[in-house]
Amino acid sequence: MTPDQFLLDLRKNGPAPAYLFLGPEPYQRDRCRRALLDAVLGPAQEARESGLTHIDLSEVPLAAALDDARALSLFASRRVIWIGSAEAVLPRGRAASDSEPGDDTTGESPLSTYLHEPTPDTVVVLESSRYGFEGEDKAKLERVQKFFAAIPAQVEFRPFSPEAARSLAQTLAKQAGLQLGLAELALLLDATGGDASRIAVEIEKLHLFTGGARKVTAEDIATLVPDAQATTIFALVAALGRSDRTRALEILDTLAREGEYMPLALTFLATQFRTALVAREAGLRSASQIQAHFNKLGARMWPERARQIEQTVAAFSTAKLQRAVGRLFEADRALRDARPDDRIVMEQLILALTAA
């Protein structure tokens with residue numbers, strides 16, 4: 001089930017005897033965790049302290065954790081047993097399809113036995129946050145699901161889609177009374193990579209910084225939000241695309257005064273040009289095509305980022321992109337030399353890329 005389905009079911013039917021929480025996305029998992037603790041233990045701090053037990057399966061066997069769940073507490077009438085690192089109990093060196101001693105598919109595991117007669121007023125949560133839902137992690141996560149198949153209530157915490165991240169940011173900004181324009185919203189999403197937890201933290205920081213008394217500016221985001229200076233790097237790319245040497249050198253000066261680490265700035269530049277070259281060679285013309293292409297390859301890209309790539313593709317010919325990638329390689333090698341002057345290396349790069 002999704003986090004929203006979990007929250008709805010919790011409100012309508014109350015807590016189940018056991019849950020399996022799957023996936024690394026922290027924002028929704030924290031929401032569901034708080035809602036479950038409120039439903040079982042209530043808001044009182046004393047009830048939380050006496051009724052909540054944390055167990056890590058990388059340190060304690062599953063059978064011992066379930067024995068704890070069976071035990072009645074002298075201090076709490078209702079309990080939550082939070083069992084982390086659930087993936088740690090999976091047998092190693094065997095195929096996921098094999099029948100393994102203790103595997104829940106056999107019906108003989110300690111977990112299956114416990115769920116036949118779960119302890120009243122006790123909720124067991126097994127949490128596996130190590131693996132994601134794509135790439136190599138997908139098969140590992142499916143193995144975790146199979147191993148704990150005896151738990152019917154399984155909640156999947158998948159990464160937010162770009163649309164969902166944008167909607168969340170708008171909702172949180174409205175709740176905080178934050179004046180956030182569309183351009184600033186796009187910058188915030190790009191700087192946070194659409195990570196829901198980071199969006200929530202950065203919106204709270206921006207609210208405290210502005211007091212909700214004025215509109216958030218791009219400068220506010222660049223000051224407070226890590227990685228927001230990548231937008232300044234894109235301004236440098238745009239100046240290079242126009243062969244505007246004066247503006248490019250001005251932006252470099254700004255980066256230097258703000259203490260930007262030049263090798264990191266060069267990495268941003270190289271990523272921008274390489275991605276644009278891939279997009280041009282693939283015949284991608286629009287931002288939507290670029291976003292779909294790279295998302296299909298497993299390289300998640302946000303709409304604002306795709307628009308930046310689109311503008312770079314439009315500004316540079318294939319030959320100019322290829323030449324830029326070569327110059328960036330030379331600059332990277334120069335920055336790795338013994339005691340280089342980073343500023344001079346970057347200035348030489350700009351001069352080379354804006355040459356007629």
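Exactly one residue among LEU255, LEU349 is outside the structural domain of ASP220 (by TED's automatic domain parsing), assigned to a helix (DSSP H, G or I), modelled with pLDDT under 85 and under 20 Å from ARG245 (Cα atoms), and that residue is LEU255. Here GLU202 clears all of (1) over 16 Å from the mean Cα position of the chain (by Cα); (2) surrounded by 18 or more Cβ atoms within 10 Å (Cβ to Cβ); (3) of a type in the set (D, E, K, R) except the condition numbered (1). Answer yes or no: is there a residue in the stretch 322-344 that is in a helix (DSSP H, G or I) and either in the same structural domain as LEU185 (by TED's automatic domain parsing) or within 15 Å of ARG242 (Cα to Cα) (or both). Yes, the stretch 322-344 contains a residue that is in a helix (DSSP H, G or I) and either in the same structural domain as LEU185 (by TED's automatic domain parsing) or within 15 Å of ARG242 (Cα to Cα) (or both). Considering the stretch 245-266, and only residues there that are in contact (Cβ under 8 Å) with a residue 60 or more places away in the chain and either over 17 Å from ARG323 (Cβ atoms) or surrounded by 17 or more Cβ atoms within 10 Å (Cβ to Cβ) (or both), the residue that is nearest to the chain's Cα centre (by Cα) turns out to be ALA265. ARG79 - would you say it is over 30 Å from GLU202 (Cβ atoms), of a type in the set (D, E, K, R) and either at pLDDT 85 or above or not assigned by TED's automatic domain parsing to the domain that holds PHE147 (or both)? Yes; evaluated as a whole, the condition is true for this residue. Applying the criterion of being under 26 Å from the mean Cα position of the chain (by Cα) and over 17 Å from ARG130 (Cα atoms) to the residues of the stretch 11-32, the residue that is surrounded by the most Cβ atoms within 10 Å (Cβ to Cβ) is CYS32. Scanning the stretch 73-89 turns up at least one residue that is among the acidic types (Asp, Glu) and crowded, with 16+ Cβ neighbours inside 10 Å. Within the stretch 118-156, the set of residues being of a type in the set (Asp, Glu) and farther than 30 Å from SER50 by Cα comprises GLU134, GLU136, ASP137, GLU142. Provide a single number: the residues in the stretch 54-89 that are farther than 18 Å from ARG29 by Cβ and not small (Gly, Ala, Ser). Qualifying residue count for the region: 14.
Starting from residues that are at pLDDT below 90 and among the hydrophobic types (A, V, I, L, M, F, W, C), keep the ones in the stretch 31-51 and report whichever is farthest from ARG78 (Cα to Cα). So, considering only residues that are at pLDDT below 90 and among the hydrophobic types (A, V, I, L, M, F, W, C), the one farthest from ARG78 (Cα to Cα) is ALA44. Scanning the stretch 282-328 for residues being of a type in the set (Ser, Thr, Tyr) and buried (at least 16 other Cβ atoms within 10 Å of the Cβ) gives a total of 1.
The values are calculated or read from the model by the stated rules, or taken from the named source; none is laboratory data. For clarity, every value in this text was computed on a predicted model and none was experimentally measured. Heads up, the Cβs are rebuilt from the backbone with ideal geometry, glycines too, and the neighbour counts pull from every protein chain shown.
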